[in-house]
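To start, the structure under review is shown below, and the notes come after it.
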Amino acid sequence: MIRKIATLLIFSVVLCTNSMAELTLIDSSREIRDTPQGLANMGKDLAYWMRTTPTKENSSIDSRSISFQSFSSRGSSGQKKVMLPSMPLINFPAFKSQQAKDLIVVYIGQGGKIHISKINSSFTSVLKTIDLTALIFANEILSTTKGYVIGGIDADEFASLVFFDNNLAKKTKIVLPNKKRGAVTSMIFYQDRFFVITSHFDATSYMHELSLSGDVRNTTQLSGGGATGIALANRGFAVSYRVDREVFIERLDGNMKSLWTKKLHGVSSVATQMGNIHDMTSGIAWVGANNGKLIVYRIDDKGNTLHTAIDVSSGYGVPPSGSYMSIALGGNIHIRGEARKIDGPVDGSIDSIYFIESGDNR
Amino acid sequence: MGKAFAPFALDMTIMKTAFLYRSIARKLLGGILFILLAQINTAVYAQFPLPPAQPRLCDAKVCFANPAARADYERENKCVFGNKCGDELITDSTRQCCGGDPNKEGKQKIQDKFQTTESDILAIRWWNIYKKQCPNMTQNTAPPDALWAQCHIGEKHNPAKDDWNVAEVVKNGSARDYCVDGCSTPRGIVNKLFLSGIFLFEDKDDPTGKGATGNRGVSTSFYNACAAHDRCYQTCSIGVDQNACDDKLLEDMLRVCESVAPMHTTTYINNLGFSVTVFTRNSCITAANKMHTGLDAAFGAGGSGAFRTRRTQYCQCCS
């Protein structure tokens, strides 16, 4: 009893001193089973939430239709559906666009094959589908002026990039340096320069600057593994990584030189494998999970914590994939994912969840 | 009297001797001819071997309720049902005769035993046709053929298609043994599920169970659910279609997940070298869903292809 009271007191003190806020569950909907989902960030505050929408046909469930709707929409408003040639099995890799152009979705379909489907701009049909044989797993897609770049793991389990032209007709594959087994975990555009973060099976990670044709210009080893990163508007980069059981966020300048490093937390119980970082103009936000709960940190440009928000009331655990989809819009952070309540039904169903963190909802 | 008879007796002796010589000569000649003919026959056989005598093939297009009824028909009509299917000849062991009683629905038709790469919709259409052609399908009691004979523990059931070896051979009365390879999720998909964090372990039969701190051991294994699913695909009944088998698999896998306490966690090293902890039940449900989705997706190496292969391989329409 005394221990419980002490814990409560400590928790209250932490709440008061660190501006701890609660995350607000905005929307949730029951899905009959885990469905692949993804985020397409088209730039200029335009982002789509992508997910398969199972339908029952001929007494069999057909999940080949993929729906697109604004990431910040509620329910099924504005939803558009496109039928894919094959049923996707695993979540879609994040799509990031540098300018308005047709988006591509990458998915694992028949017999474990990876397909790329180019969707028309009105989200009514698939323009073209090709197989992606150069990679066994894709983590991220970036559209550039020259075409598309897909980052992931190749058949030899090396971190690799595949460059496609705009028509998905020509491709070039490059394996990133430091011949160590690993994956491309982030692709970044910063002031017309192209950067890639690779994370390796030995818990190390590297940041590389490349030309758009794939020539490596510069490489820096980061201080931890399982790293992700973003570009900050004219302020360099923010990267997040793990060192053993601790999660850090680090600011780098435009030449990948460290400005400061901050420990976010020690990993406790169920936690996300890699967090999402967002540029909040006046600072940085980190979205992930720790101790079985969704957590958002807001940090200023000097490394001081502004707010910490934790989902303590929804009852939802961490998504089975271990990661959330999130975007920053107008100072708010919109977070989606699929999760089950810890004591929920064991009928295969799962809930699509949608949170908003506004930074001041104390 | 004696003298008068003497020339006659001599003549008789000469005649008997001549007859004897003629008889011996005829037999000798016959023997020589026999030997010559036999040699000629042997030479002919050596050059043009005659086919072994074949019973007449029954030409009736009819199906029988059971092997005994067919045997009665063959005995009474002094014919046998050979490897013909209607008017067509079955030329290899990869094909079989399927067809319903022409007085009911459909007619006999030769079909492949092996799977083809068809889409889900086509596979469903195949099943709709097949169950009409084969309304009284029964377990196959035919002798092992080239495909079925490959069902040996530790070897692939279908070397051309399967990723995993047979784990168990289960007796099924006088019908073909059930061939069980457990959760035969294609290796490529298992690897990708592992990379995506959905499979905690690259173990097709136990993706969420053993092998790490906090594990549940074999109690989280999907093997029994998958073995029952293997037997379901190999069970001949128009009432038990692929959806019925697949839905039962999901139900059985979810029952395994339900046996895990809600707050139970499993810790493992992920592919980026870090220790990761997950709620075991949550991961178990997702793994079960993904395996079920993979079957629904009717992948060439997964769902409907496998169902079609097993049904055509294990079931017979005409006994």
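The values are calculated or read from the model by the stated rules, or taken from the named source; none is laboratory data. Please read all numbers here as calculations on a predicted model, not as lab measurements. Here the Cβ positions follow ideal geometry from the backbone for every residue, glycine too, while neighbour counts run over all protein chains shown.
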Restricting attention to the stretch B:173-212, the residues that are more than 11 Å from every other protein chain (Cβ to nearest Cβ) and among the polar types (S, T, N, Q) number exactly 2
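With respect to B:LEU254, is the statement that it is at pLDDT 85 or above and not hydroxyl-bearing (Ser, Thr, Tyr) true?
It is true that B:LEU254 is at pLDDT 85 or above and not hydroxyl-bearing (Ser, Thr, Tyr).
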Show the residue pairs meeting these rules: Cβ distance below 6 Å; 6+ apart or different chains; first residue within the stretch A:262-276 and touching a residue at least 40 places away in the same chain (Cβ under 8 Å) and more than 8 Å from every other protein chain (Cβ to nearest Cβ); second residue part of a loop (DSSP other than H, G, I, E, B) and crowded, with 17+ Cβ neighbours inside 10 Å.
A:THR272/A:GLY322; A:THR272/A:SER323
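Residue by residue, here is whether (1) farther than 30 Å from A:SER358 by Cβ; (2) of a type in the set (Asp, Glu); (3) in a strand (DSSP E or B) holds:
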residue: A:GLN69; (1), (2), (3): no, no, yes
residue: A:GLY75; (1), (2), (3): no, no, no
residue: A:PRO85; (1), (2), (3): yes, no, no
residue: A:ASN91; (1), (2), (3): no, no, no
residue: A:LYS101; (1), (2), (3): yes, no, no
residue: A:THR124; (1), (2), (3): yes, no, no
residue: A:TYR148; (1), (2), (3): yes, no, yes
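Let's see how each residue does on (1) hydroxyl-bearing (Ser, Thr, Tyr); (2) in contact with a His (Cβ under 8 Å, 6 or more places away or on another chain); (3) under 25 Å from B:THR208 (Cβ atoms):
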site	(1), (2), (3)
B:HIS157	no, no, no
B:TRP164	no, no, yes
B:GLY173	no, no, no
B:CYS179	no, yes, no
Here are the criteria: (1) closer than 22 Å to B:SER196 by Cβ; (2) at pLDDT below 95. Tell me which single one A:GLY214 does not satisfy.
(1)
Scanning the stretch A:304-357 residue by residue, the ones that are in a loop (DSSP other than H, G, I, E, B) and either among the aromatic types (Phe, Trp, Tyr) or in contact (Cβ under 8 Å) with a residue 60 or more places away in the chain (or both) total 10
Can you find a residue in the stretch A:257-266 that is modelled with pLDDT of 95 or more and in a loop (DSSP other than H, G, I, E, B)?
yes
Any hit, the stretch A:297-310, residues being surrounded by fewer than 21 Cβ atoms within 10 Å (Cβ to Cβ) and within 14 Å of chain B (Cβ to nearest Cβ)
no
I'd like the residue in the stretch A:29-43 that is small (Gly, Ala, Ser) and crowded, with 20+ Cβ neighbours inside 10 Å and, out of all such residues, is nearest to B:LEU193 (Cα to Cα).
A:GLY38
So, in the stretch A:125-179, how many residues would count as being in contact (Cβ under 8 Å) with a residue 24 or more places away in the chain, among the small types (Gly, Ala, Ser) and surrounded by 14 or more Cβ atoms within 10 Å (Cβ to Cβ)?
7
Confirm whether A:VAL318 is in contact with a Leu (Cβ under 6 Å, 6 or more places away or on another chain) and β-branched (Val, Ile, Thr).
no
